[in-house]
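Okay, structure first, notes after.
The values are calculated or read from the model by the stated rules, or taken from the named source; none is laboratory data. Quick caveat: nothing in here was measured; it's all calculated off a predicted structure. In this analysis, Cβ positions are derived from the backbone assuming ideal geometry, glycine residues included, and neighbour counts consider all displayed protein chains.
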Amino acid sequence: MAAAQNLPADQQQGMVNTMVDGLANRLKANPHDLNGWIELVRSRKVLNQPEKAKSDLTIARATFKDEPASLAQLNAVAQNLGLN
């Protein structure tokens, strides 16, 4: 990651997008990772991708629909990020 600091801003952004997309792909293969979903939704919001964040949140909520504690965490994150 230290080497990334020496890259131009557009290349740094490309690396970040690649990492976030990689997380999204990992969650498609293994969707039962609550912390991964929370990280993905937060990352999408930071990257100014609110529609993707909302879409990811919808998938995460469906994944954890039968787990009230997990669903409550997702809802809290959504509220904190203004994604309700």
Only one of (1) over 16 Å from V77 (Cβ atoms); (2) modelled with pLDDT of 95 or more does not apply to K54, and that is (1)
Filtering region 1-51 down to residues that are among the small types (G, A, S) and crowded, with 16+ Cβ neighbours inside 10 Å, which residue is nearest to P68 (Cα to Cα)? G36
Do we find that N84 is free of Cβ contacts under 8 Å to residues at least 40 places away in the same chain, farther than 30 Å from D10 by Cβ and not aliphatic (A, V, I, L, M) in this structure? yes
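Hey, could you check region 52-80 for residues that are of a type in the set (A, V, I, L, M, F, W, C) and surrounded by fewer than 18 Cβ atoms within 10 Å (Cβ to Cβ) and say which is nearest to N17 (Cα to Cα)? Don't jump to the end; show me each part of the working.
In the first step, residues of region 52-80 are kept if they are of a type in the set (A, V, I, L, M, F, W, C); the result is 53, 57, 59-60, 62, 64, 69, 71-72, 74, 76-78.
Those still in the list that are surrounded by fewer than 18 Cβ atoms within 10 Å (Cβ to Cβ) too: 59, 62, 69, 71-72, 76.
Details: I59: 20, A62: 24, A69: 30, L71: 26, A72: 28, A76: 25 Å.
Top of the filtered list is I59.
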